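Contents: one structure, followed by commentary.
Each value in this text was obtained by applying a stated rule to the coordinates, not by laboratory testing. Treat the numbers as computed from the prediction; the structure is a model and nothing was measured. FYI the Cβ positions are ideal-geometry reconstructions off the backbone, even for glycines, and counts take in every protein chain you see.
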Amino acid sequence: MDRPDIHLLAVGTSLPGPAVDNATLAARFGLPRAWEQWIDTFVGTRSRHYAIDLETGERRYTLADLAEAAGRRALAAAELDPAEVDVVVMSTSSPDMLMPATVNVVADRLGVDGVPTFQLQSGCAGAVQALEVAAQMLRCGPHRRALVLGGDTSAKHFDVGMRAPDVPMEAQVNGLLFGDGAGAAVLGTGPAYGSPVLRGVFTRLVGRDRSPGQTVEWFSWGDRTMDRPPVTEDFKAVEESAPRMAAEALDEVLDGVGWKKSDLDYLLPPQLSARMTERVLEELDAPGAEPVSRVLEIGNTGNAIPYFQLEQVLPRLADGDRLAGVSVEASKWIKAGYALEMAAH
């Protein structure tokens, strides 16, 4: 039996609150003026959005709030009623709580019920993992429409009372790199002119015998006396590994669909930071493909990254256009990629 094409019918995104620029961060956490210039020079990301109030630490938005908004926008753009959704898949590294799963809270708010739901715990590669799971569900089962969600609210790990000079550099860097946000995509089977076809998608664990590049802790009542930071990152290891892993991921996804780099019209690179994105693009070496990046103005939004990129590029696609997206995750080292083609009518 022929497997149906999987179409990307629509995308929606959501950001919390106003943009927070580098000058605001520097002033809030006691960084000298020279540090603001360092952020611009070595990180490159100019602003990001937070789900908390930086002055009080109050949570203004939950991940469920952001994912619900993104999901509603994606469903509306696809002209799809929630009752027509057959499966929901969500990826995140920062769920609102361990139980109930955030995906089920969001489904309930959207009016989706009586369908399979899945929540994947992962970092930046999670969005591609969710796409792969949803695509397999559509290809192999009776399902015809999938809502795929991804997002993170990393700012809840902030100690808003900290003074940056008093904390380790890796903690400072995490605060500069990450922003909060959520995205959603609607996938469907069957012909749908004007929507791209998912030609290939893969995720690959490559972390055997390697120390994690990033760790996000979960603290229970029994951990309350332990003195561990909630988030740590080996940024040097990420800098060394991310460009090579991204290049390997691009080669693998292109080999899987039989494309060359010269066939690409658009390239959606990993979004760790603005400067790192520049380095990765050099390593990817696809000068004929137009890069699509959002990290400069919204930071690294984790599981929401591809949705923001896709939202920007989808209106530009013409018949026959091809794009590839690549993700790299440092937690236990995962590389991932996907390929989309706007099929001619």
Next on the checklist: Excluding same-chain pairs closer than 8 in sequence, count the lysine pairs in the chain whose Cα atoms lie under 21 Å apart.
Outcome noted: 4
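So if we plug the beta-carbon distance of ASP21 and ASP81 into 1/(1 + (r/R0)^6) with R0 = 56 Å, what FRET efficiency do we get, rounded to 0.05? Let's see the in-between values first.
Details: r = 40 Å, r/R0 = 0.71.
For ASP21 and ASP81, the calculated efficiency is 0.90.
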Checklist entry - Lys/Arg Cβ at +1, Asp/Glu Cβ at -1, dipole of the chain taken about the Cα centre: which of THR62, LEU198, GLY320 is farthest positive-ward? => result THR62
Checklist entry - In the range 225-345, what percentage of the DSSP-assigned beta bridges are antiparallel, given to the nearest 5? => result 60 percent
Checklist entry - In sequence order, what are the phi-derived ³J(HN,Hα) couplings for the range 277-293 according to the Karplus relation 6.51 cos²θ - 1.76 cosθ + 1.60 with θ = phi - 60°, rounded to whole Hz, with x for glycine and proline? => result 4, 4, 5, 5, 4, 4, 5, 5, 6, 10, x, x, 9, 6, x, 10, 9
Item to check | Residue among GLY141, GLY207, GLY179 with the largest mean-square fluctuation in a Gaussian network model of the chain, springs linking Cα atoms under 10 Å | outcome: GLY141
Item to check | Which of ALA146, MET226, GLY207, positive extreme of dipole for the chain (C-beta unit charges) | outcome: MET226
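In debye, nearest 20, what is the charge dipole magnitude of the chain about its Cα centre with +1 on Lys and Arg Cβ and -1 on Asp and Glu Cβ, if you could check? Spell out each step's value before the answer.
On the way: 32 positive and 48 negative charges, 35 e Å.
It works out to roughly 160 debye.
Pull out the extension gain between SER262 and ASP234, defined as 0.36 nm times the separation in residues minus the alpha carbon to alpha carbon distance; nm, one decimal. If you can, show how the numbers build up before the last one.
On the way: separation 28, 0.36 × 28 = 10.08 nm, distance 3.41 nm.
Result for the pair: 6.7 nm of gain on full extension.
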Checklist outcome for this item: Neighbours of ALA64 by Cβ distance under 10 Å: Lys/Arg at +1, Asp/Glu at -1, summed charge -3
Checklist outcome for this item: For the chain, longest principal axis from Cα atoms; helix 126-140 axis from its Cα atoms; angle between them, nearest 10 degrees, is 20 degrees
Checklist outcome for this item: Under the Karplus relation with 6.51, -1.76 and 1.60 and θ = phi - 60°, whole-Hz ³J(HN,Hα) for the range 203-216, x at Gly and Pro, equal 9, 8, 7, 10, x, 4, 6, 10, 6, x, x, 8, 10, 10
Item to check | Cα centroid of the range 300-322 to Cα centroid of the range 86-162, whole Å | outcome: 19 Å
Item to check | Whole-Hz ³J(HN,Hα) from phi, Karplus 6.51 cos²θ - 1.76 cosθ + 1.60, for the range 67-72, glycine and proline x | outcome: 5, 4, 4, 5, x, 4
